[in-house]
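The values are calculated or read from the model by the stated rules, or taken from the named source; none is laboratory data. Being a predicted model, the structure only gives us computed values, none of them experimental. Glycine also receives a Cβ, built like all others from the backbone with ideal geometry; neighbour counts cover every protein chain displayed. Surface accessibility is based on the protein's heavy atoms, side chains included, excluding ligands, DNA and RNA. Shrake-Rupley method; radii C 1.70, N 1.55, O 1.52, S 1.80 Å.
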Amino acid sequence: MRQLMMLHTLDKIPDVPPTPGFFIRTWTPGEEESWLEIVRCGLSAPDAGIETWNSAILGRENLNPLTDTFFVCREESGEPVATITGYVHPDGLGDIHMVACKYDARGNRLGEVMLSHAMKKLKAEMPGENRLVELTTDDFRVPAVVGYLRGGFHPVLYDEGMEERWRALCDKIGIHGVEMLTESGKPAGIVL
């Protein structure tokens, strides 16, 4: 089964300041293991190693981890507890990628903080009209989907069965009246 896809048109990006006790910064060389510790918390396999970093980050054309990969860190210790990557594909399409948070840091709105930060960065890098940012996710990542919907992302109807999957997911989370889009960002109906 293909992943769910969502698009943002960069029209309305919620302004979410850092949560008290946390700050956001870019990744620095040598922090691959810190990134892996975070993505092992439900985004990748529990035994994910450097090959996951190499494939997910270094293996992406136009992705520069020094400017595109972010950590949310605890103010007290500086410990990275959440990550997000936002970059622009060679064709001009923005991408939100590898969003994860350690289990013990969840419930602090860090996903909202990271999404706001990454989306503002992408908007600044993507001048002009008809700008789109995509992401993919899974049906079972319910809290992430809620955050993406609240952050202005729209469900995309790009494969057979997507409308039914989105309807079931929106019923589960109690969010209705969400505009669905096509892969090109055109209106495709409303999730009722």
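Some points to look at:
- Subset of segment 23-34 (residues that are open to solvent by less than 80 Å² (accessible area, probe 1.4 Å) and closer than 27 Å to Phe140 by Cα): Ile24, Glu32, Ser34
- Any chance Ile190 is touching a residue at least 12 places away in the same chain (Cβ under 8 Å), open to solvent by 40 Å² or more (accessible area, probe 1.4 Å) and part of a strand (DSSP E or B): yes
- Within segment 45-62, being open to solvent by 20 Å² or more (accessible area, probe 1.4 Å) and either closer than 13 Å to Trp27 by Cβ or touching a residue at least 12 places away in the same chain (Cβ under 8 Å) (or both) holds for Ile50, Thr52, Leu58, Arg60, Glu61, Asn62.
- Residue match in segment 118-126 (condition: in a strand (DSSP E or B), touching a residue at least 24 places away in the same chain (Cβ under 8 Å) and within 21 Å of Val156 (Cα to Cα)): no
- Here Glu37 fulfils each of the conditions (1) surrounded by 11 or more Cβ atoms within 10 Å (Cβ to Cβ); (2) in contact with a helix residue (DSSP H, G or I) (Cβ under 9 Å, 6 or more places away or on another chain) apart from (2).
- Selection of segment 143-172 for residues being open to solvent by less than 30 Å² (accessible area, probe 1.4 Å) and in a helix (DSSP H, G or I) yields Ala144, Val145, Val146, Gly147, Tyr148, Leu149, Met162, Trp166, Leu169, Cys170.
- Restricted to segment 63-83, and to residues there that are surrounded by 12 or more Cβ atoms within 10 Å (Cβ to Cβ) and of a type in the set (A, V, I, L, M, F, W, C), the residue that is farthest from the chain's Cα centre (by Cα) is Cys73.
- Residues located in segment 84-109, provided they are open to solvent by 10 Å² or more (accessible area, probe 1.4 Å) and closer than 15 Å to Arg74 by Cα: Cys101, Lys102, Tyr103, Asp104, Arg106, Gly107, Asn108, Arg109
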